[in-house]
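Peer 1: Below is the structure I would like to discuss, written out as structure tokens.
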Amino acid sequence: MSVVADLTVLGLLGELDDIGRDERGGWTRPGFGPADLQLRAWFVECATGIGLDVVADRNGNLWAWWGAPGPDSVVTGSHLDSVPGGGRLDGPLGVVSALVAVGRLRASGFAPIRPLAVAVLAEEEGSRFGIACLGSRLLTGAVDPLAVLPEGFDGLDRDRAGRDDATLSRIGRFVELHVEQGRGLVDLDAPVGLATGILAHGRWRLTITGRGDHAGSTRMADRTDPVVAAARVVLAVEEAALAVPGTRATVGRIEAVPGGTNVIASRVELSLDVRAEDGGTVRAVVARIAESAALAAARNGCGFAIEAGSWSDEVVFDPTLRSQLDAALGGVPALPTGAGHDAGVLAAHLPTAMLFVRNPTGVSHAPEEDASEADLNAGVDALEQILRDLAS
Ligand code: HGY
Ligand code: MN
Ligand code: MN
């Protein structure tokens, strides 16, 4: 593990490529799973290798400090976990770029006047327990650990997890570098940009209940088939989102229970992810979806239920911090994002900013997520400049 020797973004990313690689050519690294634990161990070794002191908080987040942790610090970082079949950059790029930028500052003899830290926030994708940004939400007290973490979960101590003011008070400002999830910087023809804000975002679970039966002996007229109802519900989701410009609604997961070829399902579970400019719009769209889904289910004699999951209000990043970073970078584009981030959770508690790196495909949460070597280097150069400016 020649982490210190090859301190470049591509070099460090290359060290992670084989961890959590899946058969579709993407990366599947659920929070606290084997791949995520391997990545976290790699992070501790790499951060220690560049002279940082790594501590873990009681919510599964890692903090690699340069200087004694203090309230006036500058913290940068992101997450290491991924969605199922995700790309190699969403999360790890922010962590790797932070390590390279801090490693370069240390090697240059730079003497920060305030503490610096590189952070790894836990289970950002919410692939494990359905709550996005779990580590930062536990840290800020936004979620109750006993409501989210299952009995016997060994990745965290449920009884010790939860709001951690001591850790939170040590974060002065937080800057997260992230691959852009969209083509805004492509259209602006710029390698990096600053985030203005994040769409409001909610997650729900839809359940359609029917009557399980035999695929061969049950006449069509006698069926209460929740899968047919689910097909109508998915179309209703698309229709409700198209009716409100800028809204995004996604059914990413559909599970027919019990799931037999020759079995009429008794139940279908669907995930629902809805995002829009503001929370009120999201809730209005979801209300419309619930209404049309209940009708669709009733049409097939099925029952319908909707259960709320995680919720994030729209985020506006700290304008003062953003303009300070913009000045440090000599003027870069500013653009919104539809993707949620830990920086969005922390924004309610302290000045936060996000630095985006151009993604030529615009694709994310899929193996095609990409960034050119030149843009990766432009990103880490910009982050190094930002850290130098904020810690001087
Ligand atoms: O879902 C999101 O927006 C983020 O990638 N967790
Ligand atoms: Mn993501
Ligand atoms: Mn991410």
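Peer 1: Using the count of nearby Cβ atoms within 10 Å as a rough guide to exposure, how do THR76, THR224 rank from fewest to most?
Peer 2: Taking fewest neighbouring Cβ atoms as first place, the list is THR224, THR76.
Peer 1: Now a separate question. Report the one residue of LEU194, THR247, ILE171 whose Cα lies farthest in the direction of the positive end of the charge dipole of the range 152-296 (charges on C-beta: Lys and Arg +1, Asp and Glu -1; origin at the Cα centre).
Peer 2: In the range 152-296, that residue is THR247.
Peer 1: Kindly state, to the nearest 0.05, the FRET efficiency for ARG163 paired with ALA374, given R0 = 56 Å and r defined as their beta-carbon distance.
Peer 2: With a Förster radius of 56 Å, E is 0.85.
Peer 1: Rounded to the nearest 500 deg cm²/dmol, what is the calculated helix-only ellipticity per residue at 222 nm for the chain, with -39500 (n - 2.57) per DSSP H run of length n ≥ 4?
Peer 2: Here the helix-only value at 222 nm equals -10000 deg cm²/dmol.
Peer 1: If packing is taken as the average number of other Cβ atoms within 10 Å across a peptide's residues, how do 326-334, 191-199 rank, most packed first?
Peer 2: 191-199, 326-334
Peer 1: Of LEU12, GLY184, GLY279, which is farthest on the positive side of the dipole of the chain, counting Cα position, with +1 on Lys and Arg Cβ, -1 on Asp and Glu Cβ, and the Cα centre as origin?
Peer 2: About the Cα centre, the residue reaching furthest to the positive side is GLY279.
Peer 1: Here is a further query. Go ahead and set up a Gaussian network model of the chain, Cα springs under 10 Å, then flag whichever of GLY216, GLY25, GLY14 fluctuates most.
Peer 2: Answer for the Gaussian network model of the chain: GLY216.
Peer 1: Separation between the ARG219 and GLU45 pseudo-spin-labels, each 7 Å from Cα along Cα→Cβ, expressed in nm?
Peer 2: 6.7
Peer 1: Roughly what angle does helix 373-390 make with the longest principal axis of the chain, taking Cα atoms, 0 to 90 degrees, to the nearest 10?
Peer 2: 60
Peer 1: Return the Rg/Rh ratio of the chain with Cα-based radii and a Kirkwood Rh. Intermediate results must be reported in sequence, preceding the final value.
Peer 2: Details: Rg = 22.3 Å, Rh = 22.0 Å.
For the chain, the value is 1.01.
Peer 1: Please express the Cα-Cα pair-distance distribution P(r) of the range 142-189 as a list of whole percents, one per 5 Å bin, running from 0 to the bin with the greatest distance.
Peer 2: Here the calculated profile for the range 142-189 is 4, 14, 15, 12, 11, 15, 11, 9, 6, 2.
Peer 1: What translational diffusion coefficient, to the nearest whole µm²/s, does the range 251-304 have by Stokes-Einstein, given a Kirkwood radius computed over alpha-carbon pairs, a temperature of 25 °C and 0.890 mPa s viscosity?
Peer 2: Estimated via Stokes-Einstein, D reaches 191 µm²/s.
Peer 1: Also, quick follow-up: Against the globular-protein guess of 2.2 N^0.38 Å, express the Cα radius of gyration of the range 200-311 as a ratio, rounded to two decimals.
Peer 2: 1.11
Peer 1: Calculate how many DSSP beta bridges within the chain are antiparallel, expressed in % of all such bridges and rounded to the nearest 5.
Peer 2: DSSP beta bridges in the chain are roughly 70 percent antiparallel.
Peer 1: Against the longest principal axis of the chain, how steep is helix 92-107, in degrees 0 to 90 to the nearest 10, with axes from Cα atoms?
Peer 2: Relative to the chain, helix 92-107 is tipped by roughly 10 degrees.
Peer 1: Return one number: the angle in degrees, 0 to 90 and rounded to the nearest 10, between the long axis of the Cα atoms of helix 34-49 and the longest principal axis of the Cα atoms of the chain.
Peer 2: Taking the Cα atoms of the chain, the angle to 34-49 is about 10 degrees.
Read-outs throughout are calculated quantities, based only on the coordinates presented, and are distinct from any laboratory measurement. All values reported here derive from a predicted model rather than from experimental measurement. Counting neighbours? That spans all protein chains shown, and the Cβs are built from the backbone with ideal geometry, glycine included.
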